Every structure is written in C-alpha cells, then in structure tokens.
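These notes concern the structure reproduced below.
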Amino acid sequence: MRILPARFNPANGIADLWHELRRPQPYRWPILGLSVLPAVGMLWWGMNSTVYAEPERPRITYITTLDAGRSDAEIMAENLANQQIKDLREAEEARIAAKKRAMYKALGRAAGMDVEAIEREAEAERAAAAAAAAERRREAAVPPAPASESAGQ
C-alpha cells in the first residue's frame, strides 16, 4: 500500500530538478545565484535586526486619598474611628459564629450526638490556636540577638 499517490510523489520532481541542474547551460550558475539571493538576503536581514526600540517611560499617577497636611490629632482620630469599625466587624463575626455554633448544636442534638463533648474539643482547639498565634506574635516582637553575642558563647 502506498502512502502517497504517484502524482504527489516528490521523488520524481527531485529527479527532474537534478537532471536540469546537471545539464550544461551557460547561465546555470548566475541564475542559481540570483534565485538564492532573495532568501539569503531575508535571512541576513532577519538575523541582524535585533535593535529594539526604547521602551515607553511609564506614566505614574499618584493616588492621594489622605491630606498631606493632616495634624497628629486628625491622624489619631481617624485611627480610632478605624479601630472602632474593626471592633464592630469582629463583634459581628463573633455573633454570627456563635449563632452558627448554636444551630449546629441543635442539629447535633437532633441527630443524637454528644454536643457538649464536641464543644469541649472545639474550645480546646480554639484555645490551642489562640495560644500558638500569641506565641508567634511574641516571637515576632522580640528582636533577634546580635550575631556577635551568640557567636562568642
């Protein structure tokens, strides 16, 4: 079984080209040189055109939401207002979490689970997580000892 039909076989075309190139003709080499010249020229031009344009300088627009001339009292008042908003959000999240826990306790009781034991385990996990977070904060707040003191000991 043939992969390509006979009329698409490149062997015949290559043989014909080789036959024509072998025939003695007076202008064979100049014609061949002129035929290759455009391809060689394009390759040479493509290989030597690595000059890139200068990138456009970025245009920076500064967004100023705070007044640069604020006093310390204004900054402190704004910080206190932001802290109050943060405390309100945390209180709301805690209220929602307590409501969810109450709903899950009711569901657990209805399913016949020991919700008090589950609650004790959850409280222990929350306390351990809070203690670990406090320990990480405490370690982050302590500056590292200078290298000269620890190297001499």
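The values are calculated or read from the model by the stated rules, or taken from the named source; none is laboratory data. Bear in mind the structure is a predicted one, so any value in this text is a computation, not a measurement. As a convention, Cβ positions derive from the backbone with ideal geometry for all residues, glycine included, and neighbour counts pool all protein chains shown.
Scanning the stretch 85-107 for residues that are basic (Lys, Arg) and either in contact (Cβ under 8 Å) with a residue 60 or more places away in the chain or under 16 Å from ALA117 (Cα atoms) (or both) yields ARG101, LYS105. Every condition in (1) acidic (Asp, Glu); (2) modelled with pLDDT of 90 or more; (3) assigned to a loop (DSSP other than H, G, I, E, B) is met by GLU93 except one, and the failing one is (3).
Note on the stretch 45-87: residues that are surrounded by 10 or more Cβ atoms within 10 Å (Cβ to Cβ) and either of a type outside the set (A, V, I, L, M) or in contact with a Pro (Cβ under 6 Å, 6 or more places away or on another chain) (or both) amount to 9.
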